[in-house]
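Working notes for the structure below.
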Amino acid sequence: MSPRPPLIAPSILSADFARLADEAAAVEGADWLHVDVMDGHFVPNLTLGLPVVESLLAATDIPMDCHLMIDDPDRWAPPYAEAGAHNVTIHVEAAADPVGVARDIRAAGAKAGLSVKPGTPLEPYLEILRDFDTLLVMSVEPGFGGQSFIPDVLSKVRTARRLVDAGELTILVEIDGGINADTIEAAAEAGVDCFVAGSAVYGAEDPAAAVAALRRQAGAASPHLRC
């Protein structure tokens, strides 16, 4: 597989919720817009749901990356794909039938992602990753932004990267949590393709410039990506 640029996905969890359309416009040039959907049950926080995602889809052309930190994704995930999200990710810890949800998401026109919490081992789920398009490795405990990066999760990234490079998987490897100028190089070296960044982007004076800088930094550090 030929090298390609890193994907940067600004997380609107760190944006101003009163100005979401403007905040989406502020990261023009981003590859994906990462949207954390939390239900207050699977994680101890409540953010936004499908109506807000639908409004965002009408306000920006940036592909929407919906990360569903919710109970019963088997029921609730497909409508995000039907609404026009580019990628819809569910948590393996919450899904009764992860492969069935992936098929429903794909049938509705989106890519299907599988996420694992920092403490969840990847090995039991390697076989079902063949049914997914993306693997989202959480590098913080899901639920709140602004947490510190957990470097131990990079072993999961390396495992996935080896399988992708060997042709055994065709997934895109994504990471979410604590990604900034200090941590993105280690994640890139381990084999990440797509980097979710919240406060590192929306806490910057120029969010679009922050996206470009993170992309350059990841590309320079990675053996499988390019600037």
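For first residues located in segment 118-131 and part of a loop (DSSP other than H, G, I, E, B), partners that are of a type in the set (S, T, N, Q) and surrounded by 11 or more Cβ atoms within 10 Å (Cβ to Cβ) and lie 6+ apart or on another chain with Cβ distances below 8 Å form the pairs PRO118/SER139; LEU122/THR159; LEU126/THR159. Residues in segment 96-115 that are under 15 Å from ASP65 (Cβ atoms) and β-branched (Val, Ile, Thr): ILE105 only. Taking segment 2-46 as the range and being closer than 25 Å to GLU185 by Cα and either among the aromatic types (Phe, Trp, Tyr) or without any contact (Cβ under 8 Å) to a residue 12 or more places away in the chain (or both) as the test, the residues that pass are SER2, TRP32.
Considering only residues in segment 163-175 that are under 13 Å from GLY113 (Cα atoms) and of a type outside the set (Ser, Thr, Tyr), the one that is surrounded by the fewest Cβ atoms within 10 Å (Cβ to Cβ) turns out to be LEU172.
Looking at segment 187-206 only, could you name the residues that are aliphatic (A, V, I, L, M), touching a helix residue (DSSP H, G or I) at 6+ places or on another chain (Cβ under 8 Å) and under 17 Å from ILE150 (Cα atoms)?
Keep residues of segment 187-206 that are aliphatic (A, V, I, L, M), which gives 187-188, 190, 192, 196-197, 200-201, 204.
Next, only the ones that are touching a helix residue (DSSP H, G or I) at 6+ places or on another chain (Cβ under 8 Å) stay: 187-188, 190, 192, 197, 200-201, 204.
The answer is ALA187, ALA188, ALA190, VAL192, ALA197, ALA200.
Of the residues in segment 98-107, not one is in a loop (DSSP other than H, G, I, E, B) and either surrounded by fewer than 20 Cβ atoms within 10 Å (Cβ to Cβ) or in contact with a helix residue (DSSP H, G or I) (Cβ under 6 Å, 6 or more places away or on another chain) (or both). For VAL27, the criteria (1) surrounded by 21 or more Cβ atoms within 10 Å (Cβ to Cβ); (2) β-branched (Val, Ile, Thr); (3) within 17 Å of LEU135 (Cα to Cα); (4) in contact with a helix residue (DSSP H, G or I) (Cβ under 8 Å, 6 or more places away or on another chain) hold in every case but one, which is (3).
For every residue, the table says whether it meets (1) over 19 Å from ALA95 (Cβ atoms); (2) modelled with pLDDT of 95 or more; (3) charged (D, E, K, R).
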residue	(1), (2), (3)
ALA9	yes, yes, no
GLU23	yes, yes, yes
ALA26	yes, yes, no
GLY40	no, no, no
LEU46	yes, no, no
GLU54	yes, yes, yes
ASP65	no, yes, yes
ASP72	no, yes, yes
TYR80	no, yes, no
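Summed over segment 6-20, residues that are charged (D, E, K, R) and farther than 20 Å from GLY143 by Cα total 1. Output the number of residues of segment 17-42 satisfying the condition of being in a loop (DSSP other than H, G, I, E, B) and within 18 Å of GLY84 (Cβ to Cβ). Here the count works out to 3.
Out of the residues in segment 172-198 meeting the condition of being part of a loop (DSSP other than H, G, I, E, B) and more than 15 Å from PRO3 (Cα to Cα), tell me which one is nearest to the chain's Cα centre (by Cα). Explain how you work it out, then say what you get.
Narrowing segment 172-198 to residues part of a loop (DSSP other than H, G, I, E, B): 177-183, 191-193, 198.
This time we only want the ones that are more than 15 Å from PRO3 (Cα to Cα), so: 177-183, 198.
Values: GLY177: 9, GLY178: 12, ILE179: 11, ASN180: 15, ALA181: 18, ASP182: 19, THR183: 16, GLY198: 11 Å.
Here the residue is GLY177.
Against the list (1) under 20 Å from ARG161 (Cα atoms); (2) over 16 Å from the mean Cα position of the chain (by Cα); (3) in a helix (DSSP H, G or I); (4) not acidic (Asp, Glu), the condition ARG215 fails is (2). Taking the criterion of being buried (at least 19 other Cβ atoms within 10 Å of the Cβ) and either among the basic types (Lys, Arg) or farther than 17 Å from ALA85 by Cβ (or both), the residues of segment 5-14 that qualify are PRO6, ILE8, SER14.
Any idea which of ALA200, ALA188 is under 28 Å from ALA24 (Cβ atoms) and touching a residue at least 40 places away in the same chain (Cβ under 8 Å)? Talk me through it step by step, then tell me what you get.
Working: ALA200 fails: touching a residue at least 40 places away in the same chain (Cβ under 8 Å).
It is ALA188.
The values are calculated or read from the model by the stated rules, or taken from the named source; none is laboratory data. Fair warning: this is a prediction, and the values are worked out from it, not measured in the lab. Note: ideal-geometry Cβ built from the backbone for every residue, glycine included; neighbour counts use all protein chains shown.
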